[in-house]
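Below is one structure, written out as structure tokens; comments come after it.
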């Protein structure tokens, strides 16, 4: 296991302020949501597999990849030159938290189920963390059903859809949450 300080130093060297922020945020989130129990790994900025997600956790490498598009601001700025101070920490923090849920699940025994999102362990973490975030949401494993000859995923009333579960917590935030440039 590589010491956290060494990982942090490498992150800063490779990704500058973004690398330093990612490790500081990871440490804060680890304490706040996981009682400091997650074993640290590398955090990189780059492309995720097939560029289809904002983040990715590799269990074999204990590595979190945050998509490079998260470095761009998601709120209007009048500056002609974009700088780190325009970085939307809220959005990137939610993506990092999501990947840390996968990291925790892997480090505490893995998951059994249809997907890495639609399984009991992930759903339990979503329900636990959503309360800590002050979100009034409920998640359940979505069992595939059939209707009119097609497979569907019916959702219990009041529960997250599969898309919302896959993109928790950022799919459950109000639309204005990320436009506050804090």
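The values are calculated or read from the model by the stated rules, or taken from the named source; none is laboratory data. The model shown is predicted, which means the values in this text are computed figures rather than measured ones. Heads up, the Cβs are rebuilt from the backbone with ideal geometry, glycines too, and the neighbour counts pull from every protein chain shown.
Report, by residue number, each residue of region 159-175 that is outside any helix (DSSP H, G or I) and closer than 14 Å to residue 123 by Cα.
Once the filter is applied, which keeps residues that are outside any helix (DSSP H, G or I) and closer than 14 Å to residue 123 by Cα, region 159-175 yields 159, 160, 161, 167, 168, 169.
Would region 3-24 turn up any residue that is in contact with a strand residue (DSSP E or B) (Cβ under 9 Å, 6 or more places away or on another chain), in contact (Cβ under 8 Å) with a residue 24 or more places away in the chain and under 22 Å from residue 133 (Cα atoms)?
The answer is yes, given that some residue of region 3-24 is in contact with a strand residue (DSSP E or B) (Cβ under 9 Å, 6 or more places away or on another chain), in contact (Cβ under 8 Å) with a residue 24 or more places away in the chain and under 22 Å from residue 133 (Cα atoms).
Considering region 110-132 alone, what residues qualify as being surrounded by 15 or more Cβ atoms within 10 Å (Cβ to Cβ) and either farther than 21 Å from residue 158 by Cα or in contact with a strand residue (DSSP E or B) (Cβ under 7 Å, 6 or more places away or on another chain) (or both)?
111, 116, 119
So that you can scan it fast, the table gives a plain yes or no per residue for (1) at pLDDT 75 or above; (2) surrounded by 11 or more Cβ atoms within 10 Å (Cβ to Cβ):
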| site | (1), (2) |
| --- | --- |
| 93 | yes, yes |
| 97 | yes, yes |
| 108 | yes, yes |
| 134 | yes, no |
| 144 | no, yes |
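Give the residues of region 25-55 that are free of Cβ contacts under 8 Å to residues at least 12 places away in the same chain, part of a helix (DSSP H, G or I) and in contact with a helix residue (DSSP H, G or I) (Cβ under 9 Å, 6 or more places away or on another chain), sorted by residue number.
Listed by number, the list holds a single entry, 28.
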